[in-house]
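Below is one structure, written out as structure tokens; the observations come after it.
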Amino acid sequence: MNYYVLSLFPEIIENSLNASITGRAIEKEIITLTSVDIRDFSDNKHMKVDDYPYGGGAGLVIKPTCVYDAYLHTISLIKNKKKPRVVYMTPQGSVFNQKKAVDFAKEEDLIILCGHYEGIDERVLETIVTDYVSIGDYVLTGGEIASVIVMDAVSRLVPGVLGNSESAFTDTFSDGLLEYPQYTRPEEFLGMKVPEVLRSGHHGNVEKWRHEQKLIRTRKNRPDLYEKYIMLHPEEELKD
Ligand code: ADE
């Protein structure tokens, strides 16, 4: 997986992705990160990349020329003959979820475009963007952190990024339910004991308890997901 991220603040992206599990994957070259600074493609001597919006209004709009030149430069770096998808991070996009992460993880190259200020000139977006993606119904100062979230979720699905002990497919959302609670030593903490069943060594009972906990937690925290799950598995509906 090769990520090419076009933004005005590459340091936000590099600092985040070069740490922890994604950092290890970059070191091992399982994933690559190329950040492209849109400011390097400014066409004026003050390195300005934005300008006043036509029609008036608050804020500044990123010029189409710098973004397009940054895009053409990025395309020239990519060896693959297939044109890569271009993901624009914006609260106007469709909301990112695990299904989209799985879909993006199938790509070899992904170009991610991050806006700032009041957005990017619509004409360049119409020309290059294939996917408009939001990470949720709230507005960030820019798309950089949103892009890191997308790349993090996608990267852990790329084979080899997670170690053997970390499975990408046994956790939350892989089966439409939230995860069960986890415990480790000590056996007693602030007067609270680890549930008896987990200490019993009875594998079947542990599995049964964990599945029930998933249902209980999903019904409590995400009734929308619980309803969906029960539609598909009516026999598993919780009694109380
Ligand atoms: N840029 C600003 N807010 C955003 C959001 N919620 N999702 C994606 N990109 C954004």
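Below is a table of values for the structure above.
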{"read-out": "Residue in region 129-146 that is nearest to the ligand (Cβ to nearest atom), counting only those that are among the hydroxyl-bearing types (S, T, Y) and over 14 Å from the mean Cα position of the chain (by Cα)", "value": "Y138"}
{"read-out": "Pair list, Cβ under 9 Å, 6 or more apart: region 128-145 residue without any contact (Cβ under 8 Å) to a residue 40 or more places away in the chain, other residue more than 8 Å from the ligand (Cβ to nearest atom) and in a strand (DSSP E or B)", "value": "T141/H116"}
{"read-out": "Qualifying position, being within 16 Å of the ligand (Cβ to nearest atom), more than 16 Å from the chain's Cα centre (by Cα) and crowded, with 20+ Cβ neighbours inside 10 Å, among I120, I111", "value": "I120"}
{"read-out": "Count of residues meeting criterion [over 15 Å from the mean Cα position of the chain (by Cα), in a helix (DSSP H, G or I) and of a type in the set (G, A, S)] in region 8-22", "value": "1"}
{"read-out": "Subset of region 61-85 (residues that are over 10 Å from D109 (Cβ atoms) and in a strand (DSSP E or B))", "value": "V61, I62"}
{"read-out": "Residue count, region 28-84 (criterion: basic (K, R) and surrounded by 11 or more Cβ atoms within 10 Å (Cβ to Cβ))", "value": "4"}
{"read-out": "Test: residue in region 130-143 that is within 17 Å of S35 (Cβ to Cβ) and modelled with pLDDT under 95", "value": "no"}
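The values are calculated or read from the model by the stated rules, or taken from the named source; none is laboratory data. What you see is a predicted model; the values in this text were computed from it and never measured. Positions of Cβ are backbone-derived with ideal geometry, glycine not excepted, and every protein chain shown enters the neighbour counts.
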